[in-house]
């Protein structure tokens, strides 16, 4: 009896000691956990990090965006006019914008924002007054049908933002669509481009010297409304203007006095675009362009080898395409390119509407294909063209040539004068034996040091002897891009039924086939690359997976998923509690 009592006391003492040890260990563990949490909080005040577990890294900002956000020295105030009772697609856009702005704030507390409902005022006149003020600021709006208890009603939405920094305000249209009622694809594409759009605006606000791009005029170039979309896209990142050469030596250059004796000649613009001219360049204008390049200027040449237009086919079923008499073949040949006086036809072409309302391929509008392997073209799909010519490169030492665009294989070459017959191509049986040529080049990028087209040529003494005009015969390292179709930069224009003039459609959109081509993305990639902004190309190529709900599945399996999401978690918690309770009983019953 004594021995049993002694054993019981010893066993009980051991249990009590183990319990005390457990209490001490628990206390140590608790104190250690508190110490770790406090240490992490202290460290986090000095070091900042975020973990993105999404498969496409949708919450990871690029280095460019991070730099722009971190460089905000003062408060940037972002007013987003997307609030109130919104349709589902616009709610997703709003939430995506908020996530993006919250991400900005995590890196810089100078980012402040508010969401505003422009339709909040119940007074109709006051509401329209707000609409007008926002439209005057450059914010885009849409009249979208929304469902209510009486059926459907029109709701005016401003999916736009006004960004203010150091007293300077810039508008940002968060949604770009060619339709009065944006589609689901428009909304998804806009969500994918949020970081790019915000980053370009912030970069323009924080950069002290914004790069400049100019479109030339005075030689029958494309009208302003036909380059409005690319112009708007460029204006997000650069200062955009128009310049008329008109024989003025200071049209593209400016002269700054270094001292009382010397002057320095610099370019006014970082890049110029010559978009589909149709009239001849005189020698003075050619010399001005040449010297702009010799001083390091960058040029995008969009030139037609043949003068042809669909307008001529509206009155007749056929027309003739003649060589474009631009008088610049000699200088571009000197830079390493020849645009041939011919038309390239291909069966892989854009469709046009016939008199019967049927869409048929129009061989004179071959679809241009990007040559993969360069940052400009790696994410580009097909480009739409109109009446293109073939392009050859000329061997020049010290120049690096990269073909950017070509046609599909099996081409037909039609030299000038080229007969363009709509009946023969659309309604006739094509003679496939004529489509025997390989793929033809339509666009090339040339980089390096160019030689002046006026080297070893007589120059007007009034220019050559002018001490203020610094003539150069070799350029520094620079870039030029040549395209044998001026229409790849031209957006279509839609006349409004209410008589309020015309509005430009997105570049690359074809209103006849209702298809979107990659003209804008390709040209913006080209321009960004030439201006040294490859970071914007990476942002443009960033893709987010928009995981949309299956509407049919929602309707058919609504009850199942409601029960699964509400009842199943409760059952799991109860089971977990039972398992824990059972394990404790088994543990202590053994002892």
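The values are calculated or read from the model by the stated rules, or taken from the named source; none is laboratory data. Note that the structure is predicted; figures quoted are calculated from it, not measured. Here the Cβ is made from the backbone with ideal geometry for all residues, glycine too, and neighbour counts use every protein chain on show.
Condition check ((1) assigned to a loop (DSSP other than H, G, I, E, B); (2) buried (at least 23 other Cβ atoms within 10 Å of the Cβ); (3) under 19 Å from the mean Cα position of the chain (by Cα)) across all residues:
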position: 330; (1), (2), (3): no, no, no
position: 345; (1), (2), (3): no, yes, no
position: 355; (1), (2), (3): yes, no, no
position: 361; (1), (2), (3): no, no, no
position: 376; (1), (2), (3): yes, yes, yes
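Restricted to region 475-493, and to residues there that are under 21 Å from the mean Cα position of the chain (by Cα) and assigned to a loop (DSSP other than H, G, I, E, B), the residue that is farthest from residue 328 (Cα to Cα) is 492. Scanning region 290-304 for residues that are more than 21 Å from residue 528 (Cα to Cα) and within 29 Å of the chain's Cα centre (by Cα) returns a single hit, 304. Residues in region 71-83 that are surrounded by fewer than 20 Cβ atoms within 10 Å (Cβ to Cβ) and assigned to a loop (DSSP other than H, G, I, E, B): 71, 72, 73, 74, 75, 83.
Take the residues in region 207-233 that are free of Cβ contacts under 8 Å to residues at least 60 places away in the same chain, touching a strand residue (DSSP E or B) at 6+ places or on another chain (Cβ under 8 Å) and part of a helix (DSSP H, G or I); name whichever of them is nearest to residue 501 (Cα to Cα). Here the answer is 224.
Residue check: residue 450 meets all listed conditions (1) surrounded by fewer than 19 Cβ atoms within 10 Å (Cβ to Cβ); (2) over 25 Å from residue 317 (Cβ atoms); (3) out of contact with any strand residue (DSSP E or B) (no Cβ under 6 Å at 6 or more places or on another chain) but one, namely (1).
Within region 515-538, how many residues turn out to be surrounded by fewer than 17 Cβ atoms within 10 Å (Cβ to Cβ) and either in contact with a helix residue (DSSP H, G or I) (Cβ under 6 Å, 6 or more places away or on another chain) or modelled with pLDDT of 90 or more (or both)? Lay out the reasoning, then the answer.
Quick first cut of region 515-538, residues surrounded by fewer than 17 Cβ atoms within 10 Å (Cβ to Cβ) only: 515, 532, 534, 538.
Of the ones still in play, those that are also either in contact with a helix residue (DSSP H, G or I) (Cβ under 6 Å, 6 or more places away or on another chain) or modelled with pLDDT of 90 or more (or both) are 515, 532, 534.
Matching residues across region 515-538 total 3.
Only one of (1) at pLDDT below 60; (2) touching a strand residue (DSSP E or B) at 6+ places or on another chain (Cβ under 9 Å) fails for residue 72. Which number is that? With respect to (1) at pLDDT below 60; (2) touching a strand residue (DSSP E or B) at 6+ places or on another chain (Cβ under 9 Å), residue 72 is out only on (1). Return yes when residue 314 is surrounded by 18 or more Cβ atoms within 10 Å (Cβ to Cβ) and free of Cβ contacts under 8 Å to residues at least 60 places away in the same chain and no when it is not. No; evaluated as a whole, the condition is false for this residue.
Tell me, please, whether a residue that is surrounded by fewer than 16 Cβ atoms within 10 Å (Cβ to Cβ), at pLDDT below 90 and touching a helix residue (DSSP H, G or I) at 6+ places or on another chain (Cβ under 9 Å) can be found in region 146-158. Yes, region 146-158 contains at least one residue that is surrounded by fewer than 16 Cβ atoms within 10 Å (Cβ to Cβ), at pLDDT below 90 and touching a helix residue (DSSP H, G or I) at 6+ places or on another chain (Cβ under 9 Å). Candidates are the residues of region 384-408 that are outside any strand (DSSP E or B) and under 14 Å from residue 437 (Cα atoms); the one that is nearest to the chain's Cα centre (by Cα) is 407.
Yes/no per residue for (1) under 30 Å from residue 503 (Cα atoms); (2) more than 26 Å from the chain's Cα centre (by Cα); (3) outside any helix (DSSP H, G or I):
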| position | (1), (2), (3) |
| --- | --- |
| 69 | no, no, no |
| 85 | yes, yes, yes |
| 89 | yes, no, no |
| 103 | no, no, no |
| 112 | no, no, yes |
| 119 | yes, yes, yes |
| 135 | yes, no, no |
| 143 | yes, no, yes |
| 161 | yes, no, yes |
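Listed conditions (1) under 19 Å from residue 531 (Cα atoms); (2) outside any helix (DSSP H, G or I) are all met by residue 204, apart from (2).
If you check 446, 420, 458, 425, which single one turns out to be free of Cβ contacts under 8 Å to residues at least 12 places away in the same chain and in the same structural domain as residue 322 (by TED's automatic domain parsing)? Result: 458 is the single residue among 446, 420, 458, 425 that is free of Cβ contacts under 8 Å to residues at least 12 places away in the same chain and in the same structural domain as residue 322 (by TED's automatic domain parsing). I'd like to know if region 420-443 contains one or more residues that are surrounded by 21 or more Cβ atoms within 10 Å (Cβ to Cβ) and closer than 23 Å to residue 282 by Cα. Among the residues of region 420-443, not one is surrounded by 21 or more Cβ atoms within 10 Å (Cβ to Cβ) and closer than 23 Å to residue 282 by Cα, which makes the answer no.
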